[in-house]
Amino acid sequence: MQKFPKNFIFGAATAAYQAEGATQVDGKGKTYWDDYLEEQGVFDPSTASDFYHKYREDIEQAHAFGINGIRISIAWTRLFPEGKGAPNQSGVSYYHDLIDACLAQGVEPFVTLHHFDTPAPLYKKGDWLSSEMIEAYVAFSDFCFKEYGHKVNYWITINEPWSVVAGQYIIGHFPPNIHYDIPKAIQSMHNMMVAHARVVKLYKEQGYSGEIGIVHILESKYPISELPEDQDAAVREHILANRFMLDATFTGTYSAEVMNVIEDILKKNQGELRTEPRDFEYLSYAADKIDFLGINYYASHFLKAYDGESMIHHNGTGEKGSSVFALKGIGERVNNPLIPTTDWDWPIFPQGLEDMLVSIKEMYPNYKKIYVTENGMGDKDVLIEETVQDDARIDYVRQHLAAILKAVARGVNVQGYFIWSLMDVFSWTNGYNKRYGLFYVNFETQERYPKKSAYWYKEMAMKNELV
Ligand code: BGP
């Protein structure tokens, strides 16, 4: 029998742009995705899972299936259609209603302020590379705290800085679709961390009683062989994608070990990082005051030395084996024949989650607690007789929960788990055929159907033990 800690959160995650739809309703402004997706003409986000209209039903269902926590995000452009200026009252009311509905069902809302959805006008100014964006983000956060701070107990400043910058400036599958500009990615990550820190400071100084944290995607990196150059590649990607953010989060500075590698990567990619002394004052303050870390974990990577030019192919279709990911000055992700992968080439490696959790405890002993804020398996689900026999997903989630319990047994303070996702949602770069939900969504009719995993999840939540 494997019991979870007392008061463990069995949660499920969503994000505004991926779940709500209603992209042009009740005065909502555009994010940087709207025009881009329209120009591309491949995926239409305008309805998504229609959570904007169906949230009551979804939250009731969540409660009925034993879920006691939900990640939602506030779409900045519902509150401030242009990113700043006068608030849009219908957007403000919508989030009151949504938060109230969660609380009424005993489904604790964990509210994210920025989940990949920068307002279009601020994106055009340079997104996280511009000070105007950062000032507007701080003002927007302040507004949210004042409006909802008396009832939201858990705030998340930013979702996955690394994924944002990798998507925008390295892989190029997020607007502005820049490829291989690693220096821009590093600068933007630093700026996001400073913005996060300023928001933590604001929240703490105003004396709210709730908690505030940040969500990082943290994927473990392993060398594919024992060759020193492969080991070096794993260390380099770990520092770029994980340690750079974790150092900023928990130490308020970048350690010499991290900075040496970052500077070398910058040199090889002809760039530099600009920082101000003030940045580190904010970072140190937040490192001391942050209440929790959210970890999103889906996969780990196996690295091999690489000294060519950067080269990436994003598998956005589920055509197994089509991914390429090699970065100049870092390394190349390669297939490990011993490790299974999803159809999107994401290695399924729960050990990587246990290793990551334990290493945070060891490297950053001042961390207070961790929530696994996203984990789940994307699959091409098929609805048969009003349900989905998603045994592969159950197996995936069970293995990852077992890894969490092992980390807990090794002394890591993990207080909750949020499956990605509550219901099937829109996937940024994969559209609608990569499904993760506990509830299947028929995107034509917007009907929901509990999958086998939903019933399994319920049993586990009810017993508070791994089943
Ligand atoms: C995380 C994001 C989510 C979600 C998830 C699954 O990085 O925080 O918003 O999309 O990944 O990713 P994908 O939809 O690309 O499969």
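Report yes if Ser130 is more than 22 Å from Tyr285 (Cα to Cα), modelled with pLDDT of 95 or more, polar (S, T, N, Q) and within 16 Å of the ligand (Cβ to nearest atom), otherwise no. For Ser130, the condition - more than 22 Å from Tyr285 (Cα to Cα), modelled with pLDDT of 95 or more, polar (S, T, N, Q) and within 16 Å of the ligand (Cβ to nearest atom) - is not met.
Restricting attention to segment 409-442, the residues being touching a Phe, Trp or Tyr at 6+ places or on another chain (Cβ under 8 Å), among the aliphatic types (A, V, I, L, M) and away from the ligand (no atom under 15 Å from the Cβ) number 1. In the set (1) more than 21 Å from Ile217 (Cα to Cα); (2) under 16 Å from the mean Cα position of the chain (by Cα), the condition left unmet by Phe439 is number (2). Taking residues in segment 283-307 that are over 23 Å from Met377 (Cβ atoms) and without any contact (Cβ under 8 Å) to a residue 24 or more places away in the chain, and partners anywhere that are crowded, with 17+ Cβ neighbours inside 10 Å and among the small types (Gly, Ala, Ser), the pairs with Cβ atoms closer than 9 Å and at least 6 places apart or on different chains are Asp307/Gly329. If the condition is being touching a helix residue (DSSP H, G or I) at 6+ places or on another chain (Cβ under 7 Å) and either among the hydroxyl-bearing types (Ser, Thr, Tyr) or within 22 Å of Leu353 (Cα to Cα) (or both), then segment 264-292 contributes Thr275, Tyr282, Tyr285, Ile290.
Determine whether Ile295 is β-branched (Val, Ile, Thr) and either within 16 Å of the ligand (Cβ to nearest atom) or within 30 Å of Ser209 (Cβ to Cβ) (or both). Yes.
Just one of the listed residues (Tyr457, Tyr449) is at pLDDT 95 or above and either closer than 29 Å to Ile158 by Cα or among the small types (Gly, Ala, Ser) (or both), namely Tyr457. The residues of segment 100-131 that are surrounded by fewer than 24 Cβ atoms within 10 Å (Cβ to Cβ) and aromatic (Phe, Trp, Tyr), listed by number, are Phe116, Tyr123. Would you confirm whether any residue within segment 443-455 is away from the ligand (no atom under 16 Å from the Cβ), of a type in the set (Phe, Trp, Tyr) and farther than 30 Å from Gly252 by Cβ? Scanning segment 443-455 turns up at least one residue that is away from the ligand (no atom under 16 Å from the Cβ), of a type in the set (Phe, Trp, Tyr) and farther than 30 Å from Gly252 by Cβ. Taken over segment 357-389, the criterion of being closer than 30 Å to Phe250 by Cα and within 15 Å of the ligand (Cβ to nearest atom) is satisfied by Tyr371, Val372, Thr373, Glu374, Asn375, Gly376, Met377.
The values are calculated or read from the model by the stated rules, or taken from the named source; none is laboratory data. Please read all numbers here as calculations on a predicted model, not as lab measurements. Neighbour counts run over all protein chains shown; Cβ positions are idealised from the backbone, glycine included.
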